[in-house]
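A.B. asks: Before I ask anything, let me first share the structure, which is written out below as structure tokens.
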Amino acid sequence: MQYLKNAEFEALMAAIHRCNQLGLPLVLIAAGLPKIAKIAGDIKSYAERLFKFIPVDKLQEDDAKQALIQPAKKLLINLFLDKVVVTDKQIDIKLTTDAISNMLTK
């Protein structure tokens, strides 16, 4: 959202505002950097009433692991999953050599 030009963002907000005034059902789900709330407010003063800005923070360590492990399990990589190491800067997924070999041959 933060990459929209001001005129585009203003047009979007005006259209959403008009739909709201007419009682039309409309749902917009979007993502942007935290500064998007300020940008929206600078463009249209009623933006804070028009949108619900929900901050999203980093995942907790266990949640971050699961965010990687669960999709891997769906791809059957869990058969070869050796270890997941989470640090402040990165998440390393260590695979067994069998897993790496298996992925390269597919």
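Here, each number is a calculation from the coordinates, and none is a lab measurement. As the structure is a prediction and not an experimental result, all values here were calculated from the model.
A.B. asks: Convert each backbone phi in the range 20-30 into a coupling constant with the Karplus relation 6.51 cos²θ - 1.76 cosθ + 1.60 (shift: θ = phi - 60°), then list the ³J(HN,Hα) values in order as whole Hz, x for Gly and Pro.
C.D. replies: Karplus values, whole Hz, x for Gly and Pro: 5, 4, 7, x, 7, x, 8, 10, 10, 10, 9.
A.B. asks: How would you classify the range 14-61 from its alpha-carbon gyration tensor, with a ≥ b ≥ c the square roots of the eigenvalues: rounded for a/c under 1.5, else prolate if a/b is greater than b/c, otherwise oblate?
C.D. replies: Cα axes put the range 14-61 in the oblate bin.
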